[in-house]
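I have placed the structure first, in the form of structure tokens, so that the comments after it can refer back to it.
No lab work stands behind these numbers, since they all come straight from the coordinates. As the structure is a prediction and not an experimental result, all values here were calculated from the model. Backbone-built Cβ (ideal geometry, glycine too); neighbour counts: all protein chains shown.
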Amino acid sequence: MSLWRSRTDEEAMCEVKARNDHVEFARLVKRWEDPIRRLCTRMTGDAHRGEDLKQETFLRLFEKREDYQPTARFSTYLWRIALNICRDELRRQERRSQFLREPLATNPEAGDPAEPVSDAPGPDLRTAQMEESELVRQAIMQLPEIYRSVLVLRHYEDLKLSRIAEVLEIPEGTVNSRLAEALARLSRILEPRICEARAGVRQPEKLVIPTESPVL
């Protein structure tokens, strides 16, 4: 029992790789399911999809156990799998969005064409968007994935720039520049919404924006 408790994540993953150890795998899932769920939710903007993608991440982790290298950090390997799954989901969402934006074929005998799907939020959604967390969440979802990923990993998962560089397999300087650009874009997106709130549309009491400068 003491040996089981003292194993690192890397050692546990090696047991999973070598012996299909379901006990060690369950321990890894228990430890990492909340961070992975948070990551998937923030990357997709959907809590239900975040839960589904979390499960898909651990399924793929087990399927790809043979690819794990003992010299690599387990957390890096896991973050990378989760982000790849999120990217796949974001591409699917974009394809669905493009399909909905395409003009529908009309039958000349069917009368007027169908009304296009409106992108405007309904009254309930507009109210929710005025809450500070919803304002920031919506703004983050407008960022391209390359900026969104570094922002989420740095400001929400509290990873150092060196760790983010390791996860994304890019130079640390690139992480630093992407983070600076992400924060600049986020501010530009949020600025008109803040102005609207100050103009009298139910201003939030406090708007929390991740604005710290990139840390080397």
- Item | Likely footprinting exposure, 88, 21, fewest C-beta neighbours within 10 Å first | 88, 21
- Message: Give me the three principal axis extents of the stretch 7-100 from the C-alpha atoms, as integers in angstrom, largest value leading.
- Response: 48, 22, 19
